[in-house]
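Peer 1: Sharing a structure here in structure tokens format.
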Amino acid sequence: MSIKSIVLAASATALLMSAPAAQAKSKPHVFSVAEFMEKEENREALGGFPIVWGKSASGTQIGDVSTGGRPANGFHKKIQSSCERALLNSLIAMRDLAQSKGGTKITGVHSSMGTDFNPATEYVCFKNKFVAKTPLNGTASK
């Protein structure tokens, strides 16, 4: 065995052994949908696409546009700002999918994880030291 092989094997072992310690457990945080939607930059990023919060889909339903959450950078960032960016990422992905299916709005949008929140007025965000995610359910509708 060459010295290069030994060094590579030792490095790989050290990396694998430290990986669980580097993982941080995500904690749930609950925020207001209204507060998020009041911000002009969020409304502009969504391009005025109608989004109806709650668990009930309305209109002519076209199909599911749920997302497991599009991550946002949370490293050295405040919880709420990271979570708002993650929510925006998820809503943009849902909007794009709804439009590709011929939808003109998304209805029945609500957090798909978490239990202690009001799905019509609040969303749940999971954040650790490095990343924030907001898994959402919703339906493309006309």
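Here, each number is a calculation from the coordinates, and none is a lab measurement. Predicted model only: the values in this text are computed from it and were never measured. Positions of Cβ are backbone-derived with ideal geometry, glycine not excepted, and every protein chain shown enters the neighbour counts.
Peer 1: Count charges around S66 for me, please; just the other residues with Cβ under 14 Å from its Cβ, Lys/Arg as +1, Asp/Glu as -1.
Peer 2: Neighbourhood net charge equals +3.
Peer 1: Among the lysines in segment 25-141, how many pairs, 8 or more places apart or on different chains, have alpha carbons under 13 Å apart?
Peer 2: 10
Peer 1: Neighbour counts of other C-beta atoms within 10 Å: give me K105, K39 arranged from fewest to most.
Peer 2: Working: K105 19, K39 12.
By the 10 Å Cβ count, ascending, the order reads K39, K105.
Peer 1: Need one word for segment 25-141: rounded, prolate or oblate. Basis is the Cα gyration tensor (sqrt eigenvalues a ≥ b ≥ c); a/c below 1.5 gives rounded, then a/b vs b/c decides.
Peer 2: Working: a/c = 1.81, a/b = 1.58, b/c = 1.14.
In terms of gyration-tensor shape, prolate.
Peer 1: List the chymotrypsin sites (Phe, Trp or Tyr not before Pro) within segment 29-87 that DSSP assigns to loop and that have no more than 15 neighbouring Cβ atoms inside 10 Å.
Peer 2: In loop regions of segment 29-87 (DSSP not H, G, I, E or B), the sparsely surrounded chymotrypsin sites (Phe, Trp or Tyr not before Pro) are F75.
Peer 1: Along Cα→Cβ, 7 Å out, is where each label goes; now give me the distance between the ones at K129 and E41 in nm to one decimal.
Peer 2: Inter-label distance under the simple model: 2.6 nm.
Peer 1: Still on this structure, please answer the following. Near S26, within a Cβ-to-Cβ distance under 9 Å, what is the net charge of the other residues, with Lys and Arg +1 and Asp and Glu -1?
Peer 2: In short, +4.
Peer 1: Modelling each spin label as a point 7 Å along the Cα-to-Cβ direction, I'd like the A34/I79 distance in nm, to one decimal.
Peer 2: Result for the modelled spin labels: 2.1 nm.
Peer 1: Net charge around T104, counting only other residues with Cβ within less than 14 Å of its Cβ (Lys, Arg = +1; Asp, Glu = -1)?
Peer 2: +3
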